[in-house]
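Let me begin by presenting the structure, written as structure tokens, before commenting on it.
Derivation of every value follows stated rules applied to the coordinates shown; laboratory data play no part. Values in this document were obtained by computation on a predicted structure and should not be read as measured data. Note that each Cβ is placed from the backbone with ideal geometry, even for glycine, and that neighbours are counted across all protein chains shown.
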């Protein structure tokens, strides 16, 4: 008898806890202090789920912490990789995806409803390297990078690298290139750059979020963080990561030769902003997409690109749609100020305005969700 | 009796020494891991806030804690236990009380053992396909289901071993008094096996609390303190997994600290379970 | 040996009889539910991956190129990686596991037996992710210099020590797996040794054998199939390990003779790529690999348990 009543009490307690948990998960908070619009009639959901690009993960996680108190939405973002983000939004298991790559033809076809891209920030793909015996900053040109990653250049004292670093003494350490093992927008930006500067690369390996890397002598990591860890732990390694990952660990990054071939430019917020200076973006059915690789200018960093948030143009859940729009609007306005400190470059004003215009096209039941300002 | 030759003695001594060495080699990694986790983890635990706060938004900041992961693990383990511990004990009751010797019992017992050996990632794939995809939600419930499926066969097996040890005389005495079988089980057999059953469940919980792979596709993770099981939720193993490869030193330190908390929890559960079994003369 | 329950006594009240029948059926459902769920799992896995089996038969799992970008799915690199790391794990863990089991059952004074056994069993309680964390942050940097040394000096002559040796790879993963599998082999062997009756040992002592000779002649022969059963159980565990391997194997889908080279395993590729697979063929391939892994581990597990049961029954 004691066991049965104990069982009853325990079950009742757990059921009570479970009921409490369930009730918290139903949407819409009572407070309707939406940051911008007073005309919006839908109260936003109290929590949102986002996933995707690890390139942008530090940014979105920072934004969500700052947005939570004013917007009353908890936006949880997991860095699972651009490809996983795209898959998840197509499968509708998340509310918004982060991706540095745009949807390809097959993915667009698989989406159950139209998806749009909204750029949120610009980032540089930094080449971090681990060569403790090398003094000074490593300089690399585009073709050399392509040859390193295609394994034509195998040691650090190769002629091509020497040509980029005249007068420097380079060790004979073997080079271990590190690439992303998961479907990655950062890979997309990087391989698109390599295809631009090296016809040999374009012909053999090509560009994309997943490519056919050489199978020997390279390491892989799932996520920018894992690539950074691999480079950190392997002497002679080189890897491509979002600038912020290299900056926060004070790891040396290489200066890459600019498009004009006039200088080797270090990856920084400044050089990324310069890269966006001449960009013209046109909004289309898929939202606002553009590239900014290998742009002209003396101080322009050549391997840079935008990162996007991908959402459904016609939202099917009112409160969640409202929350997404509020969060994105905050990010496109107030959030832009945070980007510099985190190693990203804010969107140029023209692009920002265009992005907000695209945001305005997100609807629920035919009515645009972003009505204020 | 002939004394062993020097050669035989030498072989003897060498082999025995090797066996002793084997024990040392086996123990060294365990000690190394525990020491490493302790040393690296203890630095990140700055007071009680570590257990109650969520990680900071700024990844370079050492503030905050793993409160969200602890809550997530506890919620999911509780959710899994509520369903699968009673279910598992029920199954064990069938195996021992109602169906011993039947073919069904033999088949169930065999496949339960097999189920304990199934890689946990397969449960993750399964729950993702049947629950996450269909509900369009990563959630704590999906995570709890995946963990529960892993716990289930362990609970059945350990409960069976405990129930079998309850002496027949106890059951017979109860029946002789005219108490029907189901009441005998409920009020005589189960209470007397309670200690053993609890330890079996503790071992199952210890195993479930440490699983990562099934949570990758089900719970997803959540950087905020969340008590909602219908949303993505964090868990200690997920936190460790994400922090293990993070380039931010603050996050890595948090990962070690989470490992410390997790391992402490599991060790406590395991050691208490062993201690109770030992005292019962197991 | 299971005790037989006494027969149900004749009851006088229909209510109690109904309750009795209900109790029997409820518990039967609880037991049968396991079979139902297991069957559902297999069916679900098969159903999701069916298109790839239909289109490419069984051959695709032996294809040596895995290139999701190009739509080519061959699972051989993962099967290779899984087998190689498991083989390394068993080669290393078996002597150590059997050695510790012998120590506990034959050598240790009675007071020391339980503590030593408990400590080794504690290795099994450490979660996989912590092995992975320790593996990639502590263990791999520790063995990397030794690996590099071997690779540079011997790599030219011995293909499976060939450079490059970046650290994470088959050997690192195999060693971490060995630590994880060791307690299984040790526990099963220990139990098997304990079932060998005392008289067999005493007879050997009576003939003037040294301790080792007693073990060799009296204990090991009878325990052989049980030990093998334990090893196969350990193999089953090694095959399915996901997170620890994922973090230390290097995540490169390539087949390489060198033990130092990075590779991939079936469980690791599923964990890494499942969330990002959009192409139906990609998803089907991954679920297909999960099905293969499932079937292999189940078959190996069944074989192992049959062996262990047979040894226990014989004793």
When only Cα pairs under 8 Å and 6 or more residues apart are kept, what is the percent relative contact order across chain C?
-> 25
Please list the equivalent ellipsoid semi-axes of segment A:250-322, computed as the square roots of five times the alpha-carbon gyration tensor eigenvalues, in descending order and whole angstrom.
-> 33, 15, 8
Specify the angular offset, from 0 to 90 degrees and rounded to the nearest 10, of the alpha carbon long axis of helix A:57-71 from the longest principal axis of the alpha carbons in chain A.
-> 30
If packing is taken as the mean number of other Cβ atoms within 10 Å per residue, what is the order of A:327-333, B:8-14, B:218-224, C:264-270, highest first?
-> C:264-270, B:218-224, A:327-333, B:8-14
So the FRET efficiency between residue C:58 and residue A:263, C-beta based with R0 = 51 Å and rounded to 0.05, is 0.35
Calculated from DSSP H runs of 4 or more alone, at -39500 (n - 2.57) each and per residue, what is the 222 nm mean residue ellipticity of the protein assembly as shown, nearest 500?
-> -18500 deg cm²/dmol
Tell me the label-point distance for the pair residue A:137, residue A:367, using the 7 Å Cα-to-Cβ offset, in nm and rounded to one decimal.
-> 5.3
With Cα coordinates, the longest principal axis of chain A makes an angle with the long axis of helix A:349-359, in degrees rounded to 10, of 40
Two-site FRET efficiency, residue A:70 against residue B:42, from Cβ-Cβ distance with R₀ of 41 Å, rounded to 0.05 = 0.70
Extension length gain for residue C:18 and residue C:50 (0.36 nm per residue less Cα distance), in nm, is 7.0 nm
Counting pairs of alpha carbon atoms under 8 Å apart in space and at least six apart in sequence, what relative contact order in percent does chain A give?
-> 23
Cα gyration tensor of the protein assembly as shown, axes a ≥ b ≥ c as square roots of the eigenvalues: rounded (a/c below 1.5), prolate (a/b > b/c) or oblate?
-> oblate
Protection proxy ranking of A:236-249, C:138-151, C:196-209, C:35-48 - average other beta-carbon atoms within 10 Å, highest first | A:236-249, C:138-151, C:35-48, C:196-209
Average partner coverage of B:26-37, which counts Cβ from other chains inside 10 Å | 6
Given labels modelled 7 Å from the Cα in the Cβ direction, how far is it in nm from residue A:333 to residue B:63?
-> 2.6
Mean per-residue count of partner chain Cβ within 10 Å for B:146-157 equals 1
So what is the relative contact order of chain B, in percent, for Cα pairs below 8 Å that sit 6 or more residues apart?
-> 28
Rounded to the nearest 10 degrees, what's the angle between the helix A:318-333 long axis and the longest principal axis of chain A, both from Cα atoms, 0 to 90?
-> 40
10 Å Cβ neighbours from other chains, averaged over peptide A:66-79 = 3
Ranked by how many other beta carbons lie within 10 Å on average, peptides A:184-191, B:87-94 from highest | A:184-191, B:87-94
What whole number of Å gives the distance from the Cα centroid of segment B:44-118 to the Cα centroid of segment A:330-354?
-> 43
